[in-house]
Amino acid sequence: MTSICVREAISSDIPALQGLFAEVDRLHWKQQPDVFREVVGPTREDAYLRALITDWETGVIVAEMGTVLVGCLVVRIQAAREIPILVPQRYAMVDTIVVGQAYQRRGVGRRLMACAETWVQARDIGRIELNVFEFNTGVRRFYENLGYSTLSRRMAKRLGDE
């Protein structure tokens, strides 16, 4: 079995990143068409990805097997809103994680999450959060197996014509 190499993304990774994002975005728009829509062309444009890759408060981490980019993760540093009830703090939010379908269940996601946690700790941040859609039960179990637990639940109701 080919080993998994994780590293921070570079600009030349952008075409492969766009392919990975297209794969995960397709899953989301099929499952949540009221939130996500089908896009013709890249779902993340070059300039957007280049800005993420060069932003100190954003980590774009990729996983390679041989010469193939098989997964990526985007994590961002955020700050709690400045209101009296909230403890002033910075935390990290996993924005996106995707492992190409052909490479799932090989430890790629686990390696990406471990690298993200190291990236966050290197910035002196003690908490990492993420959002996961309810339809994605397999990914919810994956995060739970890594020690993540539900902090809150975001709910929605469609109004008007249904």
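Summary of computed values
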item	result
So residue 139, is it in contact with a strand residue (DSSP E or B) (Cβ under 6 Å, 6 or more places away or on another chain), in a helix (DSSP H, G or I) and of a type in the set (A, V, I, L, M, F, W, C)	no
Subset of the range 32-60 [of a type in the set (A, V, I, L, M, F, W, C) and either surrounded by fewer than 11 Cβ atoms within 10 Å (Cβ to Cβ) or more than 18 Å from residue 97 (Cβ to Cβ) (or both)]	35, 39, 40, 47, 51, 56
Answer from 160, 138, 147 - the residue that is surrounded by fewer than 12 Cβ atoms within 10 Å (Cβ to Cβ) and closer than 22 Å to residue 78 by Cβ	147
Any hit, the range 69-92, residues being among the acidic types (Asp, Glu) and farther than 23 Å from residue 43 by Cβ	yes
Test result for residue 112, in contact with a strand residue (DSSP E or B) (Cβ under 8 Å, 6 or more places away or on another chain), farther than 26 Å from residue 88 by Cβ and in contact (Cβ under 8 Å) with a residue 12 or more places away in the chain	yes
Residue in the range 120-135 that is surrounded by the most Cβ atoms within 10 Å (Cβ to Cβ), counting only those that are at pLDDT 90 or above and either part of a helix (DSSP H, G or I) or more than 13 Å from the chain's Cα centre (by Cα) (or both)	120
Matching entry among 96, 54, 43, 67 (being β-branched (Val, Ile, Thr) and closer than 30 Å to residue 161 by Cβ)	43
Yes/no for residue 51 being touching a Pro at 6+ places or on another chain (Cβ under 9 Å) and free of Cβ contacts under 8 Å to residues at least 40 places away in the same chain	no
Sole exception among (1) among the hydrophobic types (A, V, I, L, M, F, W, C); (2) under 25 Å from residue 155 (Cα atoms); (3) surrounded by fewer than 18 Cβ atoms within 10 Å (Cβ to Cβ) for residue 68, by number	(2)
Selection count, the range 6-20, where residues are more than 14 Å from the chain's Cα centre (by Cα) and of a type in the set (A, V, I, L, M, F, W, C)	4
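The values are calculated or read from the model by the stated rules, or taken from the named source; none is laboratory data. These numbers come from a predicted model, not from an experiment. Methodologically, a virtual Cβ is constructed for each residue, glycine included, from the backbone with ideal geometry; neighbour enumeration extends over all protein chains shown.
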